[in-house]
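A quick write-up on the structure given underneath.
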Amino acid sequence: MTDVWIAGAGMTRFGKRNETLPDLIAEAAFAALADARIDEPETIVVGAMNPEEFTGDGNFGSLINTHLGFSRAPALRVETATSSGLAAFYAGFAAVASGLARTVLVVGGEKMSHLATPRVSEIIGRSIDPHERRYGTTMPALAGLITRAAMHRHGLTLREISQVAVKNHANAARNPYAHFQEPVTLEAVMESRIVADPLRLYHCCPISDGAAAVVLTAERRAVRVAGIGQGTDSIAIRYRSDLTSFRATQVAAQAAYRMAGFGPERVEVAELHDAFSPFEIISLEDTGLMAAGKAGRATLEGETALGGRLPVSPSGGLKARGHPLAATGIGQVVELCWQLRGEAGARQVQHARVGLAQSIGGLATNNWILLLEAAR
Amino acid sequence: MIESTIPASICPRCERLIVPPAARCPDHGTRMEAATVPNTGEVVSFTTLHSAPEGFRSPLHIALVELEGGARLFCHGQETKGVKIGSHVAVENVDSVYYFSHMGFADRARMFWRRAGARGEKVASISKSLVQGLFKGRSSGQS
């Protein structure tokens, strides 16, 4: 297997954007190509969760390669619900690692803030099992059930969960690409309105637009893909025996560590999928970055803050950098690239050499773990 | 209403039960066989959704219930007041939607007696004499 390197990274600011989705994707793609000093990609992989419903666009791979002005570059559209970005990355990685391509542009984006919130919730909710959807189970509803079970079983507290949002908002205030630029207090999070008991508004990620892109190459560059893994679980929550940890993350992490030849002990910075704040705590434990039952306390004690033992989501995470679905996973890769190259500005994690990205698809039905390592 | 059964399916390989019945086991790809499960179980977790999706009224009470035998299913409820993780509930199908209702002590006792009765008069009479004995014992102790 050929080593795969990240030649360039770029992204749009996440948030409420007026541009069209193809324009957002173009902004990210040309930023990544410029960073890579590559004029034209050999092939293109586009991650997009639901452009058909959000913007009415179909045949998305061809729409994007033509919009970018690379209609001769073979384009492929990849989808695994909310983790579509890292799924697209995987397709690009596989093309370079296998020798099928030398340079691949991987880009992901989503635009949805122009629609009313209930409509967006309903479209995202289509990634839930059809039978369970008949009971009105939206993503926040399922996350509420999981949060209550985790609080009951592991003694996770509302304060610990809320600290994830406080920490991620503080990080986003140092990130010009983030949806939210203001810090929030623990009291504001804990007193925000209840969405799906016990989850409150400030425990949930916002509806964001945006795009992110990377260029992968077989040529040696500053950041190497050390490992990537996929893990799955049944789409039906009622088929699972455990609500409080995600098998899809655990399996993906094992596969990624196996490929990398090292374990969680070498990870110095992580970008985790906090679509709902308790998911960051669950994910810290599922990835082995923290021991089971310890991540809530560690978060409250500042271990995951910038300057802590293991900074988590210096970008601001899904909660505060924003969550434009298929852009999110690639946005995590962009952030880790900047971190490993020492270009993360006010939110730089000092001397980080190994980074981990985690992306959750659906309600943890199709998850990805990616390990990146700075070249020596 | 308290005790009845719910249609399910069982995997001939791993014996897992699924509600509502599915064609294939989600883990083994094997064809599932028809089965039934009791309509009583325990609450695994629950939530009250304050911004219900289109077609539902807010607040929406949703519970995930594990039925006896291990099959889990989602249910609606009239309320979640007094409901806890581990609460005993009965599940009822109304117009193809399952609803949970909290089983109080009286409901559970009634269910116990009904089951005892179903297993034959012998069990019922033993239980009856046990209770009578207990009552006699207590009254004699008090006097």
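The values are calculated or read from the model by the stated rules, or taken from the named source; none is laboratory data. Quick caveat: nothing in here was measured; it's all calculated off a predicted structure. Positions of Cβ are generated from backbone atoms using ideal geometry, with glycine treated the same way; all protein chains shown enter the neighbour counts. To get the accessible areas, we keep the full protein, side chains included, count just its heavy atoms, and leave off ligands, DNA and RNA. Shrake-Rupley method; radii C 1.70, N 1.55, O 1.52, S 1.80 Å.
Against the list (1) assigned to a strand (DSSP E or B); (2) within 17 Å of A:Ala357 (Cα to Cα), the condition A:Gly210 fails is (2).
Selection of the stretch A:175-191 for residues being in contact (Cβ under 8 Å) with a residue 12 or more places away in the chain and assigned to a loop (DSSP other than H, G, I, E, B) yields A:Asn175, A:Pro176, A:Tyr177, A:Ala178, A:His179, A:Phe180, A:Glu182, A:Pro183, A:Val184, A:Thr185.
Restricting attention to the stretch A:348-359, the residues that are open to solvent by less than 10 Å² (accessible area, probe 1.4 Å) and either in a helix (DSSP H, G or I) or not aliphatic (A, V, I, L, M) (or both) total 3. Return yes when A:Ser84 is in contact with a Leu (Cβ under 7 Å, 6 or more places away or on another chain) and either among the polar types (S, T, N, Q) or buried (at least 22 other Cβ atoms within 10 Å of the Cβ) (or both) and no when it is not. In short, yes.
Of the strands (runs of 3 or more DSSP E) contained entirely in the stretch B:36-143, those carrying at least 1 residues that are aliphatic (A, V, I, L, M), at pLDDT 90 or above and crowded, with 19+ Cβ neighbours inside 10 Å fall at B:40-49, B:60-67, B:72-77, B:88-94. Checked against (1) more than 10 Å from chain B (Cβ to nearest Cβ); (2) assigned to a loop (DSSP other than H, G, I, E, B); (3) open to solvent by less than 50 Å² (accessible area, probe 1.4 Å), A:Val120 meets all criteria but (2). Give the residues of the stretch A:166-178 that are surrounded by fewer than 23 Cβ atoms within 10 Å (Cβ to Cβ) and charged (D, E, K, R), sorted by residue number. Correct list: A:Arg174 only. Does A:Leu325 qualify as being under 19 Å from the mean Cα position of the chain (by Cα), open to solvent by less than 10 Å² (accessible area, probe 1.4 Å) and farther than 21 Å from A:Val166 by Cα? Yes: the conditions hold for A:Leu325. Taking residues in the stretch A:353-376 that are closer than 15 Å to A:Val333 by Cβ and charged (D, E, K, R), and partners anywhere that are surrounded by fewer than 24 Cβ atoms within 10 Å (Cβ to Cβ) and at pLDDT 95 or above, the pairs with Cβ atoms closer than 7 Å and at least 6 places apart or on different chains are A:Glu373/A:Arg224; A:Glu373/A:Ala226; A:Glu373/A:Arg353; A:Glu373/A:Val354.
Evaluation of B:Leu60 against the conditions (1) in contact (Cβ under 8 Å) with a residue 40 or more places away in the chain; (2) more than 19 Å from A:Met151 (Cβ to Cβ) shows that the sole unmet condition is (1).
Among the residues of the stretch A:244-266, which ones are outside any helix (DSSP H, G or I) and buried (at least 24 other Cβ atoms within 10 Å of the Cβ)? Residue satisfying the conditions is A:Phe246 alone. Annotation: of all residues in the stretch B:3-22 being assigned to a loop (DSSP other than H, G, I, E, B) and within 17 Å of A:Glu132 (Cα to Cα), the one that is most open to solvent (accessible area, probe 1.4 Å) is B:Pro21.
Determine whether B:Ser45 is at the interface with chain A (Cβ under 8 Å from one of its Cβ atoms) and either touching a residue at least 40 places away in the same chain (Cβ under 8 Å) or hydroxyl-bearing (Ser, Thr, Tyr) (or both). Against the criterion (at the interface with chain A (Cβ under 8 Å from one of its Cβ atoms) and either touching a residue at least 40 places away in the same chain (Cβ under 8 Å) or hydroxyl-bearing (Ser, Thr, Tyr) (or both)), B:Ser45 qualifies. If I filter the stretch A:152-161 for residues that are modelled with pLDDT of 95 or more, in contact with an Asp or Glu (Cβ under 9 Å, 6 or more places away or on another chain) and of a type outside the set (A, V, I, L, M, F, W, C), do I get at least one hit? Within the stretch A:152-161 (the criterion being modelled with pLDDT of 95 or more, in contact with an Asp or Glu (Cβ under 9 Å, 6 or more places away or on another chain) and of a type outside the set (A, V, I, L, M, F, W, C)), the answer is no, since none of the residues qualifies.
Yes or no, residue by residue, for (1) within 14 Å of chain B (Cβ to nearest Cβ); (2) under 25 Å from A:Thr12 (Cβ atoms):
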site	(1), (2)
A:Asp129	yes, no
A:Thr138	yes, no
A:Ala143	yes, no
A:Met151	yes, no
A:Ser162	no, no
A:Ala170	no, yes
A:Arg174	no, yes
A:His179	no, yes
A:Val184	no, yes
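The single residue among A:Gln163, A:Gln181 that is at negative phi, surrounded by fewer than 18 Cβ atoms within 10 Å (Cβ to Cβ) and under 21 Å from the mean Cα position of the chain (by Cα) turns out to be A:Gln181.
Among the helices (runs of 4 or more DSSP H) confined to the stretch A:267-347, the ones with at least 2 residues that are of a type in the set (Ser, Thr, Tyr) and under 22 Å from A:Tyr202 (Cα atoms) are located at A:277-286.
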